[in-house]
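Have a look at the structure below before the remarks.
The values are calculated or read from the model by the stated rules, or taken from the named source; none is laboratory data. Only a predicted model underlies this, so the values are computations on that prediction, with no experimental measurement involved. Here Cβ is always computed from backbone atoms with ideal geometry, including for glycine, and neighbour counts include all displayed protein chains. What goes into the accessible areas is simple: the full protein's heavy atoms, side chains included, and nothing from ligands, DNA or RNA. Shrake-Rupley method; radii C 1.70, N 1.55, O 1.52, S 1.80 Å.
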Amino acid sequence: MTRGYSLRGSLAAVMVIMTVLGVAVAVQVVRPPKAEAFATYYWFSSGHGEHEKITRAALECPEDQPSDGTCFEPDSMDILAGYRTYLGGVGAPDSWASGGELDDPSAHCDNADYIRPEDNGGQTYVRTRAQASDQLVACLRHLRGRFHGAAQQAGTVFDGDGDLSRYETLSSCADYGPPGQRARAKCRFVDLFGRTLHGVQDFYSHSNWVDSSDPSKPTSVGNPPGMHRSEVFPLMSFRLPLSPPSDVPEQLATGCYPSDECNGRIRHDEELNKDVAQIDPRTGKVTRDGTSARGSILDNEERAVQWAITDTRRQWAAMRDEIKARYGEAKGNTIICAMTHDTPVRNWPWTRGDCE
């Protein structure tokens, strides 16, 4: 839901060599972000780590409860969801460094904007439904690729003898790099699966699928109709064949980004995104805090967060099914155990790992 807990946009990075008190340090100077959506960062934006907290609310095991495969233990959750000083897999698309996807609309489900003439005072919109649907399908294709890439990497947690590898399953993923190119198998998995979740969560913030328009005003480019749907978006079923553009609902829209290049269009920042809320990472409860204009309408912010949480759980259930379908029930369950447990393989000869 944010671009990197939503620090995306034309972020220009300039390396400046400074000398302070005789010590040379390298400083990255970054222009403040122009967009918000569910956020990844806690700094340089008004976000509060929304992606992290949505992921934790959806998938983190209750305190002191071991994983049964449906939830992630603390260290495993940290590398998936990230935390204040680490982006994690879910925050990876918002990285300013190698592997970031800040300006790729397909990673965030942006630029699928459209409004029907009957919802726009009889005026024809500057883009066609077909153009918007093609862009939405590009997002679905992108996220589907990340999903299946994660399932493929999940199978690389074994050593040459077919046993779980301690190295490959360590919950230590401080390295960054291009998508799916982390050092350890578990890190490659959480990177690609996290990128999938990022785009899925963004969809609910960036689109009108679950929200409502301002009932005090007529619908228009500045007040797009809301679909107010109470269900996950069915086209984000990545184990099924990719949906064609004709399956995209006629009223569906996501915002145009960046806003300064969106004259006459439904803009990401001003018209559609629903972010900047304090989210309880245990319960998912939302406390509004400087939320966007669209998020302030009725219960739009709460609905965006709750359906993002619901779909995050759906995606993990689908991933478990995909892993077992690819590798068989027994091996698949071992892989799922390794991804969700903090100590899947023994640390010492006299101990036993949770997944051995």
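Table for the structure above
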item: By accessible area with a 1.4 Å probe, ligands and nucleic acids excluded, highest first: order of Tyr167, Tyr257; result: Tyr167, Tyr257
item: Surface accessible to a 1.4 Å probe, Leu242 within the full protein complex, Å²; result: 70
item: Label-point separation in nm, Asp68 to Asp134, each point 7 Å along Cα→Cβ; result: 4.8
item: Distance between modelled label sites at Asp299 and His228, nm, 7 Å Cα→Cβ extension; result: 1.2
item: Per residue solvent-accessible surface (Å²) - the chain, probe of 1.4 Å; result: 41
item: Computed [θ] at 222 nm, helices only, for the chain once each DSSP H run of length n ≥ 4 contributes -39500 (n - 2.57); result: -10000 deg cm²/dmol
item: Cross-link table Lys186/Lys324; Lys217/Lys285; Lys217/Lys274, entries beyond 22 Å C-alpha to C-alpha; result: Lys217/Lys285
item: Mean separation of Cα contacts under 8 Å (6+ apart) over length of the chain, as relative contact order %; result: 21
item: Segment Arg239-Trp348, length gained on full extension (0.36 nm per residue, minus Cα span); result: 35.4 nm
item: Accessible-area value, Glu302, 1.4 Å probe, nucleic acids and ligands omitted, Å²; result: 60
item: Alpha carbon convex hull of region 258-348, volume per residue in cubic angstrom; result: 180
item: Base-10 log of normalised Debye intensity for region 48-131 (one unit scatterer per alpha-carbon) at q = 0.12, 0.13, 0.17, 0.26 Å⁻¹; result: -0.56, -0.61, -0.77, -1.19
item: Rounded percent of accessible protein surface that carbon and sulfur make up, region 148-248, 1.4 Å probe; result: 50
item: Sites Asp321 and Asp260 - FRET efficiency at Förster radius 45 Å, r taken between beta-carbons, to 0.05; result: 0.60
